[in-house]
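Okay, structure first, notes after.
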Amino acid sequence: MCQLIESIRISDGQAELLEYHKQRMRKSMNDLFGQVSVAPGFEKILEDAAQLEKGVHKLRIIYDDRVSIYEYLPYKMKKIESIKLIEKPEMSYSYKFLDRRWLDECFDGLEGADDFVICKHGKLTDSYYCNIALLKNRYWYTPRTPLLEGTRRAFLLEQQEIRLADIYSDQLEQFEGLRLYNALIPFGDLELPMSAIRR
C-alpha cells in the first residue's frame with residue numbers, strides 16, 4: 001500500500017491551516033483507499049502538539065488508510081537563493097506521496113541552483129517543496145495547474161491574496177518578483193528577485 005505524507009506548521013503549539021490539511025487527507029484517503037474520514041488518533045496528535053515548546057515545529061504525519069507515524073521536528077526554513085527551470089512535461093504529483101525519489105532526481109544537473117521549478121511545455125508549476133507566485137502590477141499570480149494543490153495555496157486563493165494564471169517561461173520578463181510558499185513557509189517569508197531564476 002502506498003504511503004502519503006502531510007506536513008503541518010505548528011507555531012507555539014498551535015496547528016496552522018488545520019482544516020485545509022484535514023480536507024486534503026480526507027480526499028487522499030477517499031480517492032486512494034475508499035476511506036472518507038481523517039484517521040482515528042488525529043485529535044490526540046494535536047493534543048501532543050499543544051505540549052511543544054514555543055517556536056515553529058513541523059508535524060510530519062505518514063499515513064495510508066490510517067496514521068502510521070507522526071513526529072514533531074524543529075523547523076528552520078531552507079536557504080534558497082537561485083531557481084533552475086526544468087522541463088518535465090510527463091511529471092505528475094496529484095497526491096502527496098512519501099516516496100519522492102522521482103522528484104529527487106530533478107536535483108541532478110541543477111548547475112549550482114538551490115532549487116528547481118518544474119515546467120510542462122513551458123508552463124510553470126511548482127518547485128521541489130513549494131507552490132510559487134509571481135508579482136505583476138501589484139498582484140501575485142500562482143500557476144493555474146500546479147503539481148500539487150497546497151494547503152496554503154488553497155487558503156491564499158480563498159482569501160484572494162493570490163490569483164490564478166498560466167505562467168510561461170518565455171513571459172517571465174513581465175514579472176517583478178517570485179515567492180515560494182507552502183504549509184511551513186508563510187506567504188512572503190521566501191521572496192526572490194526574478195534574476196534568481198535560471199533557464
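Using only the Cα atoms of the stretch 59-116, build the gyration tensor, take square roots of its eigenvalues as a ≥ b ≥ c, and label the shape rounded, prolate or oblate: rounded if a/c is under 1.5, else prolate if a/b is larger than b/c, else oblate. Because a/c hits 1.5 or more and a/b fails to exceed b/c, the stretch 59-116 counts as oblate.
Can you flag which of 22/84; 78/120; 54/79; 54/88; 58/84 are past 29 Å Cα-Cα?
On the way: 22/84 32 Å; 78/120 25 Å; 54/79 22 Å; 54/88 41 Å; 58/84 26 Å.
From the list (22/84; 78/120; 54/79; 54/88; 58/84), the Cα-Cα distance tops 29 Å for 22/84; 54/88.
Quick one: Cα centre-to-centre distance for the stretch 44-95 and the stretch 137-173, in angstrom? The distance from the Cα centre of the stretch 44-95 to that of the stretch 137-173 comes to 21 Å. Inter-label distance, residue 138 to residue 78: 3.5 nm, where each label sits 7 Å from its Cα along the C-beta direction. The DSSP beta bridges internal to the chain are antiparallel in roughly 75% of cases. Protein-only accessible surface at a 1.4 angstrom probe places the residues 68, 82 in the order 68, 82, largest first. In the chain, the calculated helix contribution to ellipticity at 222 nm averages -5000 deg cm²/dmol per residue, counting -39,500 (n - 2.57) for every DSSP H run with n ≥ 4. Computed from backbone phi, the HN-Hα couplings of the stretch 9-21 come to 7, 10, 10, 6, x, 10, 7, 9, 6, 4, 5, 5, 5 Hz, rounded to whole numbers (Karplus: 6.51 cos²θ - 1.76 cosθ + 1.60, θ = phi - 60°; Gly and Pro given as x).
First compute the accessible area of the stretch 1-67 with a 1.4 Å probe, then give the percent of it belonging to carbon and sulfur atoms. Before the final figure, lay out the partial values.
Details: 1560 of 3440 Å².
Carbon and sulfur: 45 percent of the exposed surface of the stretch 1-67.
A crude spin-label estimate for the pair residue 62 and residue 194, with each label 7 Å from Cα along the Cβ direction, gives 4.3 nm. Which of the following values of P(r) over Cα pairs in 10 Å bins from 0, in percent was calculated from the structure shown: [x] 8, 34, 36, 19, 3; [y] 9, 24, 20, 17, 14, 10, 5, 2, 0; [z] 8, 35, 39, 17, 2? So the calculated entry is the one marked [x]. The dipole here belongs to the stretch 102-143: it is taken about the Cα centre, uses +1 on the Cβ of Lys and Arg and -1 on the Cβ of Asp and Glu, and is about 520 debye.
Please report, in debye to the nearest 20, how large the charge dipole of the chain is about its Cα centre when each Lys and Arg carries +1 at its beta carbon and each Asp and Glu carries -1 there. Intermediate values should be presented prior to the final figure.
Numbers: 29 positive and 32 negative charges, 49 e Å.
Dipole size: approximately 240 debye.
By how many nm would the segment from residue 163 to residue 36 grow when fully extended, if each residue of separation counts as 0.36 nm and the alpha-carbon distance is taken off?
Extending this stretch completely gives an extra 42.8 nm.
Couplings 3J(HN,Hα) of the stretch 121-136, computed from phi: 6, x, 9, 5, 10, 10, 8, 4, 9, 10, 6, 10, 9, 10, 8, 8 Hz, in residue order, whole Hz [Karplus 6.51 cos²θ - 1.76 cosθ + 1.60, θ = phi - 60°; x for Gly and Pro].
The residues of the chain expose on average 52 square angstrom of accessible surface per residue, using a 1.4 Å probe on protein heavy atoms.
Amide H contacts under 5 Å for residue 197: 83, restricted to partners 5 or more places along the chain or on a different chain, H placed in the peptide plane at 1.01 Å from N.
A Gaussian network model of the chain, with springs between Cα atoms under 10 Å, assigns the largest mean-square fluctuation among 24, 152, 138 to 138. Is the shape of the stretch 92-149 best called rounded, prolate or oblate, per the rule: a/c under 1.5 gives rounded, else a/b larger than b/c gives prolate, else oblate, with a ≥ b ≥ c the square roots of the Cα gyration tensor eigenvalues? Here the stretch 92-149 falls in the oblate category. Each of 21, 38, 160 was placed along the dipole of the chain (beta-carbon charges, centred on the mean Cα), and the one lying farthest toward the positive end is 160. Classification of the stretch 93-190 by its C-alpha gyration tensor yields an oblate form. The axis ratio a/c (a ≥ b ≥ c) is 1.5 or more, and b/c is at least a/b.
Taking 15 Å as the straight-line reach from the Cα of residue 123, the aspartates and glutamates in range (excluding those fewer than 8 positions away in the same chain) are 87, 90, 166, 170, 173.
The values are calculated or read from the model by the stated rules, or taken from the named source; none is laboratory data. This is a predicted model, so every value here is computed, not measured. With ideal geometry, Cβ positions are generated from the backbone for all residues, glycine too; neighbour counts draw on all protein chains shown. Surface accessibility is based on the protein's heavy atoms, side chains included, excluding ligands, DNA and RNA. Shrake-Rupley method; radii C 1.70, N 1.55, O 1.52, S 1.80 Å.
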